[in-house]
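The values are calculated or read from the model by the stated rules, or taken from the named source; none is laboratory data. Keep in mind it's a predicted model, so treat the numbers as computed, not measured. As a convention, Cβ positions derive from the backbone with ideal geometry for all residues, glycine included, and neighbour counts pool all protein chains shown. SASA here: full protein model, heavy atoms, side chains in, ligands and nucleic acids out. Shrake-Rupley method; radii C 1.70, N 1.55, O 1.52, S 1.80 Å.
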Amino acid sequence: MPMKSMECPFCNVANINLRKFYENELFLAVYNLRPLVSGHCLVMPKRHVKSLLELNESEKRGLLSFLDRVIFIALKYADAYQFDLICQEGVSAGQSLDHAHFHVIPRKTDDGIAVAKKEWLEEFNKSERDVRKNLNTEETERIVKRLKLIVIEHRIQIEAL
Ligand SMILES: [Zn+2]
């Protein structure tokens, strides 16, 4: 399995560097291009793997702790206490990019997104494909800067997760 794929937006350093707010040696966290709600982030392995099932032993061991940390940051950012954690594996599950990733989506009771599973997934999938919802570079930079500040302010708490 190659480390990077030429066509993959998640392996594209310029694209990722604009959105990245947290990383370790194995994983990175970026702000989503088309956030469904405030604080909608993505977590992915740095290695280009299509499926979670292709993660190696150290990635498997490190994943949950890394997810914990990003969830902490995203919830702080959104001032939320609840979240959806979504991983779409394969076309039939809605996977649209060949680089495994999790969506971390802060949720609030008044966020206006249907709680019922069917409607919620429809809304999520629609939002993921709606290029009109793309954040511009300026908005992305502003949000990523705030996320990085949260990482600095809460570093001790985050690293204990
Ligand atoms: Zn990739």
Exercise for the section: Please give, to one decimal in nm, the separation of the simple spin-label points placed at THR109 and GLN82, each 7 Å out from Cα toward the Cβ. Expected result: 0.8
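Please work out how much length the chain gains when fully extended from GLU25 to SER58, using 0.36 nm per residue of separation minus the C-alpha to C-alpha distance, in nm with one decimal. Walk me through the numbers before you get to the answer.
On the way: separation 33, 0.36 × 33 = 11.88 nm, distance 1.06 nm.
Gain on stretching GLU25 to SER58: 10.8 nm.
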Exercise for the section: Give me Rg over Rh for the chain, both radii from the alpha carbons and Rh done the Kirkwood way, two decimal places. Expected result: 0.93
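If we sort 144-155, 45-56 on the protection proxy, mean other Cβ atoms within 10 Å, highest first, what's the order? Write out the running numbers ahead of the final one.
Values: 144-155: 14.4, 45-56: 16.1.
The densest-packed peptide leads the list: 45-56, 144-155.
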Practice task
Using a 10 Å cut-off on Cβ atoms, rank the peptides 67-74, 127-134, 106-113 from the highest mean neighbour count down.
Solution key: 67-74, 106-113, 127-134
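Probe of 1.4 angstrom, ligands and nucleic acids ignored: what's the accessible area per residue over the chain, in square angstrom?
Working: 9170 Å² over 161 residues.
Ligands and nucleic acids excluded, the result is 57 Å² per residue.
Please sort 30-38, 15-23 by packing, taking for each peptide the average over its residues of neighbouring beta carbons within 10 angstrom, highest first. Intermediate values should be presented prior to the final figure.
Numbers: 30-38: 19.6, 15-23: 17.1.
Ranking the peptides 30-38, 15-23 by packing returns 30-38, 15-23.
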Practice task
List, in the order given, every pair from LYS60/LYS108; LYS4/LYS46; LYS60/LYS145; LYS76/LYS118; LYS20/LYS76; LYS76/LYS148 whose Cα-Cα distance in the structure shown is over 20 Å.
Solution key: LYS60/LYS108; LYS60/LYS145; LYS76/LYS118
Exercise for the section: Kindly list the residues of the range 84-106 that lie in the label zone of GLU123, defined by a backbone N under 13 Å from the point 7 Å along the Cα-to-C-beta vector. Expected result: 84, 106
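Where the only charges are on Cβ atoms (+1 Lys, Arg; -1 Asp, Glu), what is the dipole of the chain about its Cα centre, to the nearest 20 debye? Write down the numbers at each step before the final one.
Values: 24 positive and 23 negative charges, 45 e Å.
Dipole magnitude for the chain comes out near 220 debye.
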Fill in the blank from the handout: Projected onto their principal axes, the Cα atoms of the range 1-91 stretch, largest extent first, over whole-Å spans of 38, 28, 28
Exercise for the section: Whole number please: convex hull volume per residue, Cα atoms of the range 106-154, in Å³. Expected result: 110
